[in-house]
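Notes follow once the structure below has been shown.
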Amino acid sequence: MTDPLHSLTLAHYLFTGAVLFVLGVIGFISRRNLIIMFLCTEMMFQGVAVTLVAFSRYHQNDTGQTFVIFLLTIAAAEAALALGLVVLLFRRRRTLDAQAWGEMKG
Amino acid sequence: MNLDLIKFIPWLPALAAVLCGLCCTKKALRCLAAPICILSIASGFVIAFLHRGGVPPGGAVVPFFEWINIGGFSANFSYFIDPLTLIMLFVVCGIGTLVAWYAAFYMKGDKGYARFFTFVSLFIFAMTNLVMADNLVLLYLGWEGVGLCSYLLIGYYYNKPSAVAAAKKAFIVNRIGDLGFALGIFLVYQTFGTVSLREAIIAAEHVSEPSTAVTLIPFLLMLGAFGKSAQLPLYVWLPDAMEGPTPVSALIHAATMVTAGVYMIARLLPIFVLSPYALPVVAVVGGLTAVFAATIALCQYDIKRIYAYSTISQLGYMFLGVGALSTVGGVFHLFTHAFFKALLFLTAGSVMHALAGQLDLRKMSGLRTKMPVTCWLMFVGCLALAGFPLTAGFFSKDMILAAVMEKGLGEHGQPLFLALGILGLFTAFLTAFYTFRLWFRVFMGPEQYEMGEEHHGAEEHGHDHGHGEDAKPQAASDIKVEHHHDAHEMPLLMNLPLIVLAAGAIAAGYWAEHSGWIESMVESSTAAVHGGESAHAAELFGYHLHTAMMVISSAISILGIALAAYFHWLNRPAADAAARQYKSIVTLLNNKYYVDEINDAAIVTPLRTKGEIFFAIDRLIIDALVTLVGLVPRALGIGARRLQTGALQGYGLGMACGAAVLLLLVLFVAN
C-alpha cells in the first residue's frame, strides 16, 4: 500500500500551479469588477508560489520556500494597499467597473 | 603714512550701492539713498585727501584680497597708489560728491530715485577700482564696470525708446574698443609675463629692442582708450548718451568715465613709447577729433549735445597733449575740464529743469533775469571752456598747445606737430565761439522761451498722486507745480555744489600750475616723461614759446567770444543771414557730417541684414530639421495610439499573449 502522497510527482504540483495561474489570467481578462480582478492576480501569485515550493522540495533547496514566505508577506501588504486603492476608486466613481477608468485611451 | 584706509575708497561706494539697492524696495526708504551715496563718495574724497602728501615716491601697492592666482598668473584686488591715482581720485570722488549732491535735488520726485543712486554708487565703485587698480585685469574690471553703469544710467528712463537705443549704442560701440583693450592685455601678459602695472612698466622700460608684438600693444590698448573716451571713429555713442539724466552726463560723460582712456594712456606711457608711431597716432586722432567735434558743436541746437560734442573735442585735446608727450598737460586738462564741464552740464540741467525739459536753443532766450545765479555760473563755466585768460581751461589748454608747438618748432621740429598745434588753436577759436553762442542765446537777448513738454519724473508724479499713496506733498512736487507756470531759479542748496565747481573752474588752473602741484604730481608717477625735455626752449616770433602761445590763445579765445557776442547777442539777424548764406555747410554740420547715417548704411544695416539671413537659415533649415525629428514619433503615434484602448482586460490579454509568445520562443530556441 503506497501513500498516495508519495506517488505524487513534481509534475502534479507544477500542473496545479499552472492551473491556478491560468485560471487567474482568465479571470483577470474576463471580469470587469476591480475586486474580482484583484483576487485573480492573487490567484496567479499563488500559482507561482506553488510552483516555487514544488521546485524547492524537488531540488532539496530551501531557498525557494524562503522566497515564498517573503512573497506571501509582501502579497499581504500589497493586498491591503490594493484594496485601499480599490475603495478610493470606488468612492470616486461609485462603481467597481474597470471600464470607468479609461480616459487615457488613445 | 599708513595706506590702509585707501582700500575703503572703492568699497564704501560698493556698500552704498547695496544699501541704496535695499532702499529701492521700500518707498519710505527712498529718500535715504541720496545721503548714503553722497556720504560714501565724500568719505572716499576725504580719505584720498588725507593721503595727499603721504604717497611714497614711485607709488605703493596696497593689497586687499586675493582674486585670481593660477600658476604664474596673478591678478589680485590690490591697489596701486601714486600721485596720478591721487589726482584721479580727487576728480572722481570730488566731482562725484558735488554731482551727487546736485542730483539729490535734481532727481527728487523721480520714481527711480533710489535706483539712480544705486547706479551712481556702483559707478564710483567701478571708477575708483579703475584708477586704483594695481594690475591690468582689475583695471579692465573697473573699465567694464563703468561701461555697465554708463549703460544703466543712459537707459535710466527705460520707458523712452531713444534712451534705450542710446544705452545699447554706447554699450556696443564701447565693446569694439574694449575688444582691442582686452587683446592688448593678453599681449602684455604674453610679452612681459605679468599683468601688474608696476612690473609691466618696469619691464617695458627695460626693453632695448622692441619686437613686433611689443609695438602692437600700444595700438590695441589705444583702441580701448578711443572707445571709452569717445575719439574718432568710436565717438558716436557720447552725443546719444545725453539721453541719460543730466547729472549722469556731468559725472560720467564729461568729468570722469570718459577720461579713463586718457588716464590709461598716461598710466601706461612707458609701454606707449615703445612704438615710435603709437603716440603720434594718439596725437593725430586727438587733434582731428578735437576739431571735428568742435565743428559739429557749432551748428547743434540741443544744449546737452553741444556740451557732449565739446566734451569729445576737449578729450581730443587731452589725447593731443598725451600724444605730444605732455602727460602733465593731458592730465592737467583732464583735471580742469572735470570742473568746468561738470559745471556746464549741471547748469544746463538747471535750465532744463526750469524749462520743463526744454533743450532746444531756438526756443529759449534772455533767461538771465529769471535765473541769475545759473546764468552767471554757466558764464564762468563757458569762460573756462573757451579758454578765457586766467581761467582754469586757459592754463591747461595752453600747456597742451605749448607742448605740441614745442614739438613742432623745437630742435627736431616735426611738421606733423606744427600742423596739430595750428589745428588745436583753430579748435580753441571754435570752442570759444560755440560755447558763447550757447550762452548768449540762452541768457542774453529778449526774454522769450517755450516750456518743454516732458519733465523728469513728471509722469511718475502723476502716477504717485493717482494712486493716492503720497499723502504728504513733497517739496519737489511744489517745485513741479511751479514749473508749469514759469521758469525759476534753483534753490540755493542745489546751487551750492555749482558754486564750488565754479570756484574750481576759475582758480584750479592758476593754482595747480603756479604752485607746481600738477607737474610734481604727474612727474612723480608712472606717467612721467623721461629725458624727453630739450634744454633749448623753442621760440615763436622772438618770444619764449610758452609766452607767445599764451598771448595767441588768449587773443583767439577773446576773438571767438566777441564774434559769438556779435552774432548771437547783438545782431542775431546777422547770424541767420550767415546761416542762410552757408546753408549747405550748416546742414552738413547740423547733421553731424551724416556720420550716424554712414555708420548705419556701412555697418549697422549690413550686419542687420546678415543677422536676418542667419535668422532665416535658423528658422527654415535648423528649426525645420528639429521639428521634423519631432514629427516622426508623432506620425507613428497616430497608428499606435489605437492600441491603447483604456480597457484593463485588453492590456492583460496583451501581456498574457506576449508572455506566451516569449515562452514559445524560449522553447523553440532551447530545443
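Just so it is clear, none of the values below were taken in a lab; they were calculated from the coordinates. Given the structure is predicted, the values throughout are model-derived calculations rather than measurements. Note that we place each Cβ from the backbone using ideal geometry, even for glycine, and neighbour counts take in every protein chain shown.
In the range B:36-101, Cα pairs under 8 Å separated by at least six residues give a relative contact order of 42 percent. Estimated purely from DSSP H runs of n ≥ 4, each contributing -39500 (n - 2.57), the mean residue ellipticity at 222 nm for the protein assembly as shown is -23000 deg cm²/dmol once divided by its residues. Remark: B:657, B:31 ranked as B:657, B:31, counting other beta-carbon atoms within 10 Å and listing the fewest first.
A simple packing score, the average count of other Cβ atoms within 10 Å per residue, orders the peptides B:644-652, B:38-46, B:251-259, B:338-346 as B:338-346, B:251-259, B:38-46, B:644-652, with the highest score first. Between 0 and 90 degrees, rounded to the nearest ten: what's the tilt of helix A:63-93 against the longest Cα principal axis of chain A? On a 0 to 90 degree scale, this one is about 20. Under 17 Å of direct C-alpha separation, and excluding same-chain neighbours fewer than eight residues apart, residue B:111 reaches these lysines: B:26, B:27, B:160, B:472, B:480.
Only one residue of B:172, B:3, B:529 has its Cα farthest out toward the positive end of the dipole of chain B, where Lys and Arg carry +1 and Asp and Glu -1 on Cβ, and that residue is B:172.
Of the chymotrypsin sites (Phe, Trp or Tyr not before Pro) found in the range B:280-336, no site is in coil according to DSSP while having at most 11 other Cβ atoms within 10 Å of its Cβ.
With the cut-off at 1.5 for a/c, could you classify the range A:10-94 from its C-alpha gyration tensor as rounded, prolate or oblate?
oblate
Mean partner shielding of peptide B:640-649, defined as the number of other chain Cβ atoms within 10 Å of each residue Cβ, is 5. Checking every one of the chymotrypsin sites (Phe, Trp or Tyr not before Pro) in the range B:206-242 against DSSP loop status and a limit of 11 other Cβ atoms within 10 Å picks out no site at all. Residues whose amide H lies under 5 Å from that of residue B:645, counting only those 5 or more places away or on a different chain, are A:106; hydrogens are built 1.01 Å from N in the peptide plane. In order along the range B:661-666, the phi-based Karplus estimate (6.51 cos²θ - 1.76 cosθ + 1.60, θ = phi - 60°) of 3J(HN,Hα) comes to 4, 4, 4, 4, 4, 4 Hz; Gly and Pro are listed as x. Modelled spin-label separation between residue B:587 and residue B:642, with each label point placed 7 Å from Cα along the Cα-to-Cβ direction: 7.5 nm.
Exposure proxy for B:99, B:188: other Cβ atoms within 10 Å of each Cβ, ordered fewest to most, give B:188, B:99.
Here's how it looks for residue B:133: its modeled amide H is under 5 Å from those of B:80, which are all 5 or more places away or on a different chain.
What is the range A:10-94's relative contact order, in percent, from Cα pairs under 8 angstrom and six or more apart in sequence? Walk me through the intermediate numbers first.
Working: 71 pairs, mean separation 23.8, N = 85.
This gives 28 percent for the range A:10-94.
When the charge dipole of the protein assembly as shown is built from unit charges on Cβ atoms (+1 for Lys and Arg, -1 for Asp and Glu) and taken about the Cα centre, the candidate among B:359, B:509, B:186 whose Cα reaches farthest toward its positive end is B:359.
Computed from the C-beta positions of residue B:302 and residue B:70 and an R0 of 60 Å, the FRET efficiency is 0.75 to the nearest 0.05. Projected label points at residue A:14 and residue A:90, each 7 Å from Cα along the beta carbon direction, are separated by 4.0 nanometres. Separation of the range B:179-193 and the range B:621-636, taken as the distance between their Cα centroids, equals 47 angstrom. For the range B:574-618, the Cβ-based charge dipole about the Cα centre amounts to some 220 debye (Lys, Arg positive; Asp, Glu negative; other atoms uncharged).
Distance between the C-alpha centres of the range B:1-34 and the range B:292-318: 34 Å, rounded to the whole angstrom.
Residues in the range B:547-555 carry Karplus couplings, in order, of 4, 4, 5, 4, 5, 4, 5, 4, 4 Hz; the curve used is 6.51 cos²θ - 1.76 cosθ + 1.60 with θ = phi - 60°, and Gly or Pro positions show x.
Could you sort B:410-416, B:437-443 so that the peptide with the highest average Cβ count within 10 Å comes first and the rest follow in order?
Sorting B:410-416, B:437-443 by mean packing, highest first, produces B:437-443, B:410-416.
Can you tell me the relative contact order of chain B? Whole percent, Cα pairs under 8 Å, sequence separation 6 or more.
Once divided by the residue count of chain B, the mean separation gives 13 percent.
Using Cβ point charges alone (K and R +1, D and E -1), the dipole size of chain B about the Cα centre works out to roughly 1420 debye. Dipole magnitude for the protein assembly as shown: computed about the Cα centre from +1 point charges on Lys and Arg Cβ and -1 point charges on Asp and Glu Cβ, it is near 2240 debye. Converting phi to 3J(HN,Hα) with the Karplus coefficients 6.51, -1.76 and 1.60 and the offset θ = phi - 60°, the range B:365-372 yields 6, x, 7, 5, 6, 6, 10, x Hz in sequence order, with x at every glycine or proline. Quick one: check the C-alpha center-to-center distance for the range A:52-106 versus the range B:106-173, whole angstrom. Value for the Cα centre distance between the two parts: 68 Å.
When the Cα positions of A:43, A:24, A:88 are compared along the charge dipole of chain A, A:88 comes out farthest toward the positive end, with charges on each C-beta of Lys, Arg, Asp and Glu. Shape verdict for the protein assembly as shown, please, from the Cα gyration tensor: rounded (a/c under 1.5), prolate (a/b greater than b/c) or oblate. Prolate is the answer for the protein assembly as shown, as a/c is 1.5 or above and a/b outweighs b/c.
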